[in-house]
Amino acid sequence: MLRPDRLSFTLLAAGLLMPAMAHAQTQPAAAPPATPPAVTSPAPAPTPAPETAATTPAPAAAAPAPAAPAPAPEAAASLDASTDAPTEPTESGTTEPTEAAASTTTETTSEVVDAAGTEDRPAPEIPEAEAEAEAEADPYEHVPFNIGLFPPLSINGAHRGQKVRNTISVALGWSRVDRLEGAAAAMGLTIVDEDAHGVTWGMLGNLTHGEHRGVQATSGFNHAHQLRGAQLGLLNHTHEARGAQFGLLNLSRGRLRGVQFGLVNYAEEADASFALIPVTKKGGVRAEVWSSDTAAITAGIRLPANYTYAFFAGGVHPIARASSSEATEQDRSRRGTALMAGMGFGGHLPVNDEVALEADASAWIVSEGLRGAPPVASLAKVRAMVAWQLRPRIAVWGGPTLNVMVDEVDREVSRPGYGWITGSHQTEDVRIRWWPGFAAGLRF
C-alpha cells in the first residue's frame, strides 16, 4: 500500500504526462515534449484518494479537434516550429504554450493569411482605367480640319452622334461644330453649339451658343452668349461681355465690362458707350438744366454709362447786349441774342460716392438773333467740371469752358451770350473767334 504523499506525486505526474502523450499521437512528426520541471508537493496534509482523482482532469475524454486543411510547406514548417515551443504547467496540471510561442504562432498565421490573400487578389487593369479617365477628360472627337458645303456634307458629318471639336473649319455654305479651338470661316453662317476659342468669320453671321473667347467678324449678325473679346458687324448681340462691340446696333442683355462703339447702343450696364444714342438700363435718362456764357438758359438730357455719357441740349440767350451808336436799329435789337442746339460726349470719373470729375466736348449750331432763317455759325465747346451729388436724385456741377466759333465773312454771326472775345483769325471767306467761358447747372 502506497503512502499518501507518494500517491499524490504519482497522480500528479500522470496528469502532466497524459496531455503530452495525446498531443504526440495527433502530431506524429513533432518532437516529444520536454520533461516538466520537478514539482514539489504541498504540505503533507493527508488528502483522500477519491477527492484527488475527482479534481484531476481526464485528458482522454477531450474530443479530437477537427482536421485543418494542409498548410503550405513554409507555413507547415512555421506551425511545426510553433508546436515545438516550450510550454509551462498551470495550477490545474495542464500545460500551455509560453507567451513567446503564442506570439510566434500568431505572426505565422497572419503571414499565411496575407500570402493567401495576395495570391487570390486580381491585378488592377491599368490600361482600361487610363482609357476611361481620358474619355472623361475629353468627351469630344477631335477633327483637326473640317471642310464642306454644309454640316451633312462635310467631314464633321461623318461623326454623327458624337461631339466634335475643330481646329480649322471652312464651309462654302454654313458650318456647325460643338467646340472650336482655332478659326472658322463660311460664306453663310458659322455656328458653334458650345464654346469657341479663336476667330469666326461668316459673311451672313456668326453664332456661338456658349462662351466665345476671341473675335467674331461679319457683315451681318453676331451672337455670343458670353463674349470675351470683340464683335464686329452690323448687328452685335450678347448676354454678357468683357471686351468691345463695334457695329451700327450693339446690344448686351447683361453687364458689359468694356466698350460699345455704334450708332445705337444698349446694355443692361456698360463701362463705356459711344454712340449717337447710347442707352443703359442702369444709367437711364437724366435731365439737366444749366447756364453758361453763351446761353442764359440751356436744358438737355444726359445718357450715362458707368464712365462715359452723351448729352443732347438746346439753349437760348434772349438778352441783347449794348452796341455802338453806328449800328442800325436791327443790329442793336439782335446782337448777342441766339438760339443754340448741340450734342456732346464726355467722361465721368468718380472720386467717391458723392464727388466726380467730368470733362466733355460738344458741337453746336448757333443762330443770329431769334428770328426765323437767320445766318448760322458753328460753335465747339470743351468743358471741365466737378459734380457733387447733393441728394440721391439731384447733383450740382460746374466748371470752366473753352469756346471756338466759326462763321462766314459775308454772313456774320454775333458772338452769342455776353460778348467777350480773347482772339480771332480771319481769312478771305471764314472768320474764327475763341474765348474762355463757364457753365454751371443742376442734374436730376
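Spot the failing condition for A363; the list is (1) surrounded by 14 or more Cβ atoms within 10 Å (Cβ to Cβ); (2) over 40 Å from the mean Cα position of the chain (by Cα), and only one is missed. In the conditions (1) surrounded by 14 or more Cβ atoms within 10 Å (Cβ to Cβ); (2) over 40 Å from the mean Cα position of the chain (by Cα), A363 misses (1) alone. Tell me the residue from L263, L251 that is within 28 Å of the chain's Cα centre (by Cα) and at pLDDT 95 or above, please. After ruling out the rest, the residue left standing is L251. For the stretch 409-427, the set of residues classified as buried (at least 18 other Cβ atoms within 10 Å of the Cβ) and either touching a strand residue (DSSP E or B) at 6+ places or on another chain (Cβ under 6 Å) or part of a strand (DSSP E or B) (or both) consists of V413, P416, G417, listed by residue number.
When only residues in the stretch 355-405 that are among the basic types (K, R) and assigned to a strand (DSSP E or B) count, which is farthest from W435 (Cα to Cα)? Selected residue: R391. Annotation note: of V406, V430, V382, V376, the sole residue that is free of Cβ contacts under 8 Å to residues at least 40 places away in the same chain, exposed (fewer than 14 other Cβ atoms within 10 Å of the Cβ) and not basic (K, R) is V430. Across the stretch 190-211, not a single residue is classified as surrounded by fewer than 20 Cβ atoms within 10 Å (Cβ to Cβ), of a type outside the set (V, I, T) and in contact with a Phe, Trp or Tyr (Cβ under 6 Å, 6 or more places away or on another chain). Inspect the stretch 222-232 for any residue being in a strand (DSSP E or B) and touching a residue at least 40 places away in the same chain (Cβ under 8 Å) and give the result as yes or no. No, the stretch 222-232 contains no residue that is in a strand (DSSP E or B) and touching a residue at least 40 places away in the same chain (Cβ under 8 Å). Number of residues in the stretch 365-407 that are among the polar types (S, T, N, Q) and at pLDDT below 95 equals 3. When G229, G220 are checked against the criterion of being touching a strand residue (DSSP E or B) at 6+ places or on another chain (Cβ under 6 Å) and either crowded, with 18+ Cβ neighbours inside 10 Å or not small (G, A, S) (or both), G229 stands alone in meeting it. Within the stretch 253-272, is there a residue that is touching a residue at least 60 places away in the same chain (Cβ under 8 Å) and closer than 30 Å to G437 by Cα? Checking the stretch 253-272: not a single residue is touching a residue at least 60 places away in the same chain (Cβ under 8 Å) and closer than 30 Å to G437 by Cα. Counting only strands (runs of 3 or more DSSP E) wholly contained in the stretch 165-215, the ones carrying 1 or more residues that are modelled with pLDDT of 95 or more, closer than 16 Å to H225 by Cα and polar (S, T, N, Q) occupy 189-192, 196-202. For the stretch 180-202, what are the residues that are over 14 Å from P151 (Cα atoms) and not acidic (D, E)? Answer for the stretch 180-202, where residues must be over 14 Å from P151 (Cα atoms) and not acidic (D, E): L180, G182, A183, A196, H197, G198, V199, T200, W201, G202.
The values are calculated or read from the model by the stated rules, or taken from the named source; none is laboratory data. Since we're looking at a predicted model, the values are computed, not measured. Quick reminder, even Gly has a Cβ in these numbers, built from the backbone with ideal geometry, and neighbours come from all protein chains shown.
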